[in-house]
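Below is one structure, written out as structure tokens; comments come after it.
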Amino acid sequence: MNPYPLGLVLNGLRVLVVGGGAVATRRVPALLDAAADVVLVSPHITPALRAHVDAGRITWHARRFEPADIEDAWLVHVAVSDPTAAAAISELAAARRVFCVRADDRHAATAWTPAVTRQGPVTVAVLGGGDPARAVAVRDAIGDRLAAGAIVAATPPEAAPVDGVGRVALVGSGPGDPELLTVRGRRLLAAADVVVIDRLAAGLLLDELRPEVELFDASKIPYGPSAAQEEINRVLVDRARQGKFVVRLKGGDPYVFGRGGEELLACAAAGVPVTVVPGISSSIAVPAAAGVPITHRGLAHEFTVVSGHLSPSHPESLVDWAALARLRGTLSILMGLKNLPAIAAVLQEHGRAPDTPVAVIQEGTTRDQRVVRAQLSTVADAVKEAALRPPAVIVVGPVVDALQAP
């Protein structure tokens, strides 16, 4: 038996889900994404389903199924393990000419749910001819190629010109490991006509670009940081005005010390539409990759991310190091390797204990990751001896030792 593939437009239509366990928990989010009016019937439901109920997204009847529940339903999902009960519900649905999906026996159902992968506006659904494992394997193979940009199904809406003017996407590439780029970021990168990078962007991603993509290396711009940012802004606007789709590929997250806000304002002033794709910030991901939880119950209930690129004594520094020293939580310091001796000194001067654990992680999440652990009073010398180099994340606080064996 070969099913007839069909996409259902369920916007505002009533869909009945019978059962409140793991299967229902998996099915409901997709129904909500399709804007269906979901009615759930089950004496008990999972915490995840209860969250949907509490948020007003679904209607829950805390009881067993009744025949009247099928009235006005356009689709029924039977998500119970009892085959007798499932058969009774599907027979009632069939009598009312309502399609019914059965979790217990797909061959006894009148509708099948495919294995699905979603890549932005593209949804790929695979029916395995009665073999769900085969459908999942094919789905995953296609999904991986779509996510990697090996298949470009269509121009993403974020990449389409508006009245002849191209678009810019500020994409955070994460802390360094190319696999930590978000699916959306990878999809937009695959559609780019121009890619503007800096030295902190995940370099291996560049090997996946199409040959005709223009690559602009912003890390090679001379004359200091101010001039460099002006030139980056100029390139983004210039290429977009040529009708091209420009991806500004940045390390970490565009808005965490990445000057993404400045670039967005420059594009907005020039009438260039901008899409912002958040990235995994190195302030959290790099410590995690080194075995350091940024928070930990009983040790730190707060964390502060701070830029250390200016010395604590620099007149233009906006960081209140004295206030940070008095906090009890974790400090995650970016761009602070050069000023580490001064940072460690000022933290101790204003109250941080000299024996506070510190971890310094060089090039976290990459094959060149290195970690130095020390105390606040000794970390500057330890880093110098280890010859660590930027980029590096400095973590200060008792969480540094939280996962260390006693």
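Observations on the structure shown:
- Packing around the peptides 345-356, 328-339, taken as the average count of other Cβ atoms within 10 Å per residue, puts them in this order, highest first: 328-339, 345-356.
- In a DSSP loop and with at most 10 other Cβ atoms within 10 Å, the trypsin sites (Lys or Arg not before Pro) in region 28-105 are 63, 97.
- Kirkwood Rh and Cα Rg combined as Rg/Rh, region 1-40: 1.03
- Rounded to 5, the percent of DSSP beta bridges in the chain classed as antiparallel: 35 percent
- Restricting the calculation to alpha carbons of region 243-284 gives Rg and Dmax of 11.0, 36 angstrom.
- Between region 180-208 and region 350-406, the alpha-carbon center distance in angstrom: 29 Å
- Relative contact order (%) - criterion: Cα under 8 Å, at least six apart; region: the chain: 10 percent
- Considering only region 249-381, percent of DSSP beta bridges that pair antiparallel, nearest 5: 60 percent
- Principal axis dimensions, region 23-179 - Cα atoms, whole angstrom, descending: 56, 36, 35
- Size descriptors for region 283-401 (Cα atoms only): Rg and Dmax, in that order, 12.9, 37 Å.
- For region 157-277, share of DSSP beta bridges that run antiparallel, in % to the nearest 5: 10 percent
- Global geometry of region 157-277, whether rounded, prolate or oblate, following the gyration tensor of its Cα atoms and the 1.5 cut on a/c: rounded
- In region 71-123, taking the dipole from charged Cβ atoms about the Cα centre, the farthest positive-side position among 115, 87, 100 is held by 115.
- Long-range tail of P(r) for region 1-113 (Cα pairs > 23 Å, %): 20 percent
None of the figures in this text is laboratory data; all of them are computed from the coordinates on show. Every value quoted in this text rests on a predicted model; they were computed, and no experiment measured them. Quick reminder, even Gly has a Cβ in these numbers, built from the backbone with ideal geometry, and neighbours come from all protein chains shown.
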